[in-house]
Amino acid sequence: YVPIQFGGVANAVDAAFAELDDRIQHDARNIYGNGGTPPPIVGTLNIGGNVPVLPGLQVMKTGRTSGHTLGRVLAINVNNYVVNMGAKGLARFDGQILFEADPGAGLPFSRPGDSGSLICDRTGIPVALLFAGSSSGGQGNLGITGGNPVSSVLAQLGVAFA
């Protein structure tokens, strides 16, 4: 994991990596929610692709709380993105990507509980890791979602897609 810094120090990511151990039994309801039923397949992950991330890029994600949603990039390379981390206080993030719901979606792009969702372009190329969101702002005032650029997440954690 990457420790979060407080006191106005800039963070690049809010991310961790874990590997499941097949020898340890787990409850699928804790992974999928919805009584343990995996979500429907809505696309294929394309880890070999590369896409320029620019405002307006159409994206998708599947989150634990909101399920599969469509959105678009609102802004890139956002600095001084401040997130309330609860009892620990406020944390500042630089170099972030902001997302909003698709026009006319009627539902937010993300909700609390979706953190850790992989945000991809519509062809499945990873763009960002969802880590924060607001309940207002953005398209239709449905909220703005913060994402750590996937390249920063992989670099900070020292991992790669296999």
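Residue check: is VAL2 modelled with pLDDT of 95 or more, under 16 Å from the mean Cα position of the chain (by Cα), assigned to a loop (DSSP other than H, G, I, E, B) and farther than 17 Å from GLY116 by Cα? Break it down stepwise before answering.
Values: modelled with pLDDT of 95 or more: yes; under 16 Å from the mean Cα position of the chain (by Cα): yes; assigned to a loop (DSSP other than H, G, I, E, B): yes; farther than 17 Å from GLY116 by Cα: no.
The answer is no for VAL2.
Residue by residue through region 54-81, note down the ones that are at positive phi and surrounded by fewer than 16 Cβ atoms within 10 Å (Cβ to Cβ).
Residues of region 54-81 that are at positive phi, as a first pass: 56, 67, 77, 80.
Listed by number, the residues that qualify are GLY56, ASN77, ASN80.
Could you tell me whether any residue of region 38-53 is open to solvent by less than 80 Å² (accessible area, probe 1.4 Å) and under 25 Å from PHE6 (Cβ atoms)? Reasoning before the result, please.
Going through region 38-53, the residues open to solvent by less than 80 Å² (accessible area, probe 1.4 Å) turn out to be 38-39, 42-43, 46-49, 51, 53.
Now narrow it down to the ones that are under 25 Å from PHE6 (Cβ atoms): none.
Within region 38-53, not a single residue is open to solvent by less than 80 Å² (accessible area, probe 1.4 Å) and under 25 Å from PHE6 (Cβ atoms).
Within region 55-82, how many residues are within 14 Å of the chain's Cα centre (by Cα), within 17 Å of PRO112 (Cα to Cα) and not basic (Lys, Arg)?
Going through region 55-82 one residue at a time, the tally reaches 10.
Every residue in region 108-136 that is surrounded by 15 or more Cβ atoms within 10 Å (Cβ to Cβ) and assigned to a loop (DSSP other than H, G, I, E, B), please.
Narrowing region 108-136 to residues surrounded by 15 or more Cβ atoms within 10 Å (Cβ to Cβ): 108-111, 114-115, 117-121, 124-134.
Residues satisfying the conditions are PRO108, PHE109, SER110, ARG111, ASP114, SER115, SER117, GLY124, ILE125, SER134.
I'm checking my understanding of the structure. Among residues of region 82-107 that are open to solvent by 40 Å² or more (accessible area, probe 1.4 Å) and in a strand (DSSP E or B), which one is nearest to ALA12 (Cα to Cα)?
Of everything passing the filter in region 82-107, ARG92 is nearest to ALA12 (Cα to Cα).
The values are calculated or read from the model by the stated rules, or taken from the named source; none is laboratory data. Computed from a prediction, not measured in an experiment: that's the story for all the values here. A quick note on method: Cβ atoms are made from the backbone with ideal geometry, for glycine too, and the neighbour counts reach across all protein chains shown. Calculation scope for accessible area: heavy atoms of the full protein, side chains included, ligands and nucleic acids excluded. Shrake-Rupley method; radii C 1.70, N 1.55, O 1.52, S 1.80 Å.
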